[in-house]
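Structure, as structure tokens:
The values are calculated or read from the model by the stated rules, or taken from the named source; none is laboratory data. These numbers were taken from a predicted model, which means no experiment stands behind them. Here the Cβ positions follow ideal geometry from the backbone for every residue, glycine too, while neighbour counts run over all protein chains shown.
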């Protein structure tokens, strides 16, 4: 299915890009996955379908999840009370609307103070070992899209 048009959750997990087609019945949803001829029947209560999302403008905005920055965001779609966030070279993630915020970016210096992760990412390119083609820390930071709000790093970043 087209992830930019529909969101299909099975047991609260995004399965949209795995589904070739589906049909809705009164008490069940019949789903056919890609690379499979078999039709799978799911009770209606296990499947959530959302259509026609609203595209969220992320230009010159800071994307926050539970008060912590989301990094490497390429696109954001709002499906009812859920946001689907597309990351550069990483799988998409679904976030509850109550935990997502979009704030206008400040000037660069204030932004670095407010988001040390971007600052650390910028300076990580200089922590390179001589025999490596790319800095190890730079590679690791490029994979870090979101910080779990209950992690040690989140607690460190939130302290004042």
Q: Among residues belonging to the range 65-80 that are touching a strand residue (DSSP E or B) at 6+ places or on another chain (Cβ under 7 Å) and assigned to a loop (DSSP other than H, G, I, E, B), point out the one that is nearest to residue 3 (Cα to Cα).
A: 80
Q.
Among (1) under 17 Å from the mean Cα position of the chain (by Cα); (2) modelled with pLDDT under 95, there is one condition residue 9 misses while meeting the rest; what is its number?
A. (2)
Q.
If I ask for residues that are assigned to a strand (DSSP E or B) and free of Cβ contacts under 8 Å to residues at least 12 places away in the same chain, which ones from the range 31-64 would you list?
A. 39, 40
Q | Residues located in the range 30-42, provided they are under 26 Å from the mean Cα position of the chain (by Cα) and surrounded by 11 or more Cβ atoms within 10 Å (Cβ to Cβ) | A | 31, 32, 33, 42
